[in-house]
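Visitor: My questions all concern the structure below.
Values quoted throughout were computed directly from the atomic coordinates according to the rules given, and no laboratory measurement underlies them. Model, not experiment: these values are computed from the prediction. Glycine gets a Cβ as well: all are built from the backbone with ideal geometry, and neighbour counts include every protein chain shown.
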Amino acid sequence: MAASLEGRKVLIIVRNWGIEETEMTRPLRDLRADGADVTLAAAEPGIVETLRHDRYAGEILNADTTYGEVSAADYDMLVVPGGTCNIDRLRVDPVAQKLAQSFAKAGKPIASICHGAWLLVNADMLKGKTLTACRYIAADLVNAGGTYVDEEVHVDDAEGFRLITSRKPADLDAFVGAIERTLGE
């Protein structure tokens, strides 16, 4: 367990269906266990249905709020989990894009795993950033102005905000660890 994260506020944003289960539940539960106040914000109020490997039903949780009702000013960090069904819709949502941009403009860290970086592609936030993600979207990251690296986790402090990225569920220990270290600073 990391040092206490009491007083730290984290926002996780998702659509209501199709999130890769462990990419959402691991950060959510680990950060809460370490004392952080974690808000799960979905596109709509109500339940959030996860999937395992984009095809098998996963855990069902309740959203705390919607991401249209929150402000970056109230949080210390934004976390964007993947799941191709989730992020393919989240990335084209102008409300989600504007929210991610507001975290970056405020110099607040953003963490994304796997396909989660697609939101940052569509929000035009990757110019000058070095990051990792699942290999299937590496060309998208480069075409958006980022530099892709194939690493378990990568932390980039360039261009005004810290970006913590990771490739896949197998890298969750490193991903959550990097989030915890950043929140503990």
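Visitor: Scan region 77-124 residue by residue and report those that are part of a loop (DSSP other than H, G, I, E, B), of a type in the set (A, V, I, L, M) and more than 23 Å from Glu180 (Cβ to Cβ).
Guide: Filtering region 77-124 down to residues part of a loop (DSSP other than H, G, I, E, B) leaves 81-83, 91-93, 106-109, 123-124.
If we keep only those that are of a type in the set (A, V, I, L, M) as well, we get 92, 106, 123.
If the condition is that a residue be part of a loop (DSSP other than H, G, I, E, B), of a type in the set (A, V, I, L, M) and more than 23 Å from Glu180 (Cβ to Cβ), then Val92, Ala123 are the ones that fit.
Visitor: Find the residue count for region 78-98, including only residues that are closer than 22 Å to Glu159 by Cβ and surrounded by fewer than 24 Cβ atoms within 10 Å (Cβ to Cβ).
Guide: 4
Visitor: Which members of region 114-149 meet the condition of being of a type in the set (Lys, Arg) and surrounded by 15 or more Cβ atoms within 10 Å (Cβ to Cβ)?
Guide: Passing the criteria: only Lys129.
Visitor: Right, something else. Among the residues that make up region 7-30, is at least one of them within 22 Å of Ala100 (Cβ to Cβ) and more than 18 Å from the chain's Cα centre (by Cα)?
Guide: The answer is no, given that none of the residues of region 7-30 is within 22 Å of Ala100 (Cβ to Cβ) and more than 18 Å from the chain's Cα centre (by Cα).
Visitor: Going by what's in this entry, would Thr50 be described as over 17 Å from Lys108 (Cα atoms), touching a residue at least 12 places away in the same chain (Cβ under 8 Å), in contact with a strand residue (DSSP E or B) (Cβ under 9 Å, 6 or more places away or on another chain) and buried (at least 16 other Cβ atoms within 10 Å of the Cβ)?
Guide: Working: over 17 Å from Lys108 (Cα atoms): yes; touching a residue at least 12 places away in the same chain (Cβ under 8 Å): yes; in contact with a strand residue (DSSP E or B) (Cβ under 9 Å, 6 or more places away or on another chain): yes; buried (at least 16 other Cβ atoms within 10 Å of the Cβ): yes.
When the stated conditions are applied, Thr50 passes them.
Visitor: Based on what the data block shows, is Ala170 more than 13 Å from the chain's Cα centre (by Cα), surrounded by fewer than 19 Cβ atoms within 10 Å (Cβ to Cβ) and part of a helix (DSSP H, G or I)?
Guide: Here the answer is yes, as Ala170 does meet what is asked.
Visitor: Another question, if that's okay. Evaluate the following for Phe175: is it touching a helix residue (DSSP H, G or I) at 6+ places or on another chain (Cβ under 9 Å), surrounded by 22 or more Cβ atoms within 10 Å (Cβ to Cβ) and of a type in the set (Phe, Trp, Tyr)?
Guide: yes
Visitor: Any residue in region 107-121 that is charged (D, E, K, R) sitting within a Cβ distance under 8 Å of a residue that is in a helix (DSSP H, G or I)? List the pairs, counting only those 6 or more apart or interchain.
Guide: Within 8 Å, the pairs are Lys108/Ala72.
Visitor: Could you grab me the full set of residues in region 26-37 that are surrounded by fewer than 23 Cβ atoms within 10 Å (Cβ to Cβ) and either basic (Lys, Arg) or more than 13 Å from Asn62 (Cβ to Cβ) (or both)?
Guide: The answer is Arg26, Arg29, Asp30, Arg32, Ala33, Asp34, Gly35, Asp37.
Visitor: Please indicate, with yes or no, whether at least one residue in region 12-24 is out of contact with any strand residue (DSSP E or B) (no Cβ under 8 Å at 6 or more places or on another chain), under 23 Å from Gly160 (Cα atoms) and buried (at least 18 other Cβ atoms within 10 Å of the Cβ).
Guide: Checked against the condition, which is being out of contact with any strand residue (DSSP E or B) (no Cβ under 8 Å at 6 or more places or on another chain), under 23 Å from Gly160 (Cα atoms) and buried (at least 18 other Cβ atoms within 10 Å of the Cβ), region 12-24 yields no hits at all.
Visitor: Follow-up. Which ones in region 151-185 are within 20 Å of Glu20 (Cα to Cα) and among the charged types (D, E, K, R)?
Guide: Glu151, Glu152, Arg167, Lys168, Asp171, Asp173
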